[in-house]
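What follows is a short report on a single structure.
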């Protein structure tokens with residue numbers, strides 16, 4: 001089981017409104033909150049049993065079920081011993097004060113009742129504030145995604161006048177680790193310029209500093225930290241890759 005004090009909590013938006021899915025989600029990933037979109041409440045119940053310390057924001061405006069059924073779904077999650085540690089927040093653009101009062105004072109959802117408005121900055125700020133209050137990030141500073149055996153996630157690293165292609169093992173907006181078949185013997189603190197990152201179909205140029213290395217089977221794993229001056233566009237592209245990668249992995253979990 002994950003140590004959420006270190007790793008933080010998974011954040012699920014169940015049937016999110018368009019403005020949340022298109023705008024808020026990206027902003028939260030940029031802030032390093034591990035956020036997911038889910039459009040299957042039955043599958044989410046199963047996943048919450050595997051990740052019981054999660055946060056779920058339920059969109060009451062979703063017509064998959066009437067509001068009373070959403071009330072029952074939320075109460076069931078909060079009462080089930082397997083998901084009792086799940087924290088719930090409620091989203092709506094048209095619920096009245098009576099409904100809001102019920103969720104806050106009777107059901108007592110821990111992540112509040114957030115009205116959806118077209119003021120995107122305000123909405124992002126409200127949800128971010130809730131997540132910070134609930135310790136959603138833990139001690140982790142960055143979302144790190146492992147690349148596994150993806151052949152489309154690689155880096156070209158300039159060494160001795162030539163580019164060496166390496167497999168990226170994992171990556172965050174702070175840096176990445178990669179596997180060299182032949183050890184380049186880079187001393188700790190070496191600055192490498194003009195690194196070409198290929199994250200599936202996205203290409204990014206960056207500078208990074210070698211943080212260290214370790215043996216991995218018959219190969220060598222090096223850890224690189226991006227230099228502070230990496231372009232904001234580059235960090236944005238890395239975050240978008242991370243958002244897509246973790247969502248794809250969670251979609252596989254939801255299908256199990």
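Laboratory data are not the source of any read-out in this text; all were calculated from the coordinates shown. Keep in mind that what you see is a predicted model, and the values were worked out from it rather than measured. In this analysis, Cβ positions are derived from the backbone assuming ideal geometry, glycine residues included, and neighbour counts consider all displayed protein chains.
Over the chain, what is the mean sequence separation of C-alpha contacts under 8 Å (at least six apart), divided by residue count, expressed as relative contact order in percent?
Details: 442 pairs, mean separation 42.3, N = 256.
Worked out over the chain, it gives 17 percent.
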Per-pair calculated FRET efficiency, R0 = 25 Å: residue 7 and residue 75 via Cβ, rounded to 0.05: 0.35
Rg/Rh (Cα only; Kirkwood hydrodynamic radius) as it applies to the stretch 1-83: 0.97
Global form of the chain, assessed from the alpha-carbon gyration tensor, a/c cut-off 1.5: prolate
Simple label model, 7 Å out from Cα along Cβ direction - residue 227 to residue 49, nm: 5.2
Sorted by Cβ density within 10 Å, fewest first, the residues 75, 178: 75, 178
Relative contact order of the stretch 1-109, pairs being alpha-carbon contacts under 8 Å that are 6 or more residues apart, as %: 26
Cα-based helix-to-principal-axis angle, 67-79 vs the chain, degrees rounded to 10: 60
Size descriptor, Kirkwood hydrodynamic radius, that averages inverse alpha-carbon separations across the stretch 4-141, Å: 15.0
Euclidean distance between Cα centres, the stretch 32-49 to the stretch 119-195, Å: 24
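Given a cut-off of under 8 Å on Cα pairs at least six residues apart, what relative contact order in percent is computed for the stretch 190-238?
31
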Degrees between helix 41-50 axis and first principal axis of the chain (Cα, 0 to 90, nearest 10): 60
Diffusion constant of the stretch 158-197 at 37 °C, which comes from Stokes-Einstein with the Kirkwood Cα-pair radius and 0.692 mPa s, µm²/s: 289
Most mobile of 38, 181, 90 in a GNM of the chain (Cα contacts under 10 Å): 181
Distance histogram for the stretch 152-256 (every C-alpha pair counted, 10 angstrom bins, percent rounded to whole numbers): 14, 47, 29, 9, 1
Shape of the stretch 198-250, Cα gyration tensor, a/c cut at 1.5: oblate
Counting DSSP beta bridges with both ends in the chain, the antiparallel % (nearest 5): 70
Calculated over the stretch 103-209: convex hull of Cα atoms, volume per residue (Å³): 170
Cα long-axis angle, helix 120-133 against the chain (0 to 90 degrees, to the nearest 10): 90
Length released on extending from residue 251 to residue 101, taking residue separation times 0.36 nm less the Cα-Cα span: 50.7 nm
Burial ordering of 37, 153, fewest other beta-carbon atoms within 10 Å first: 37, 153
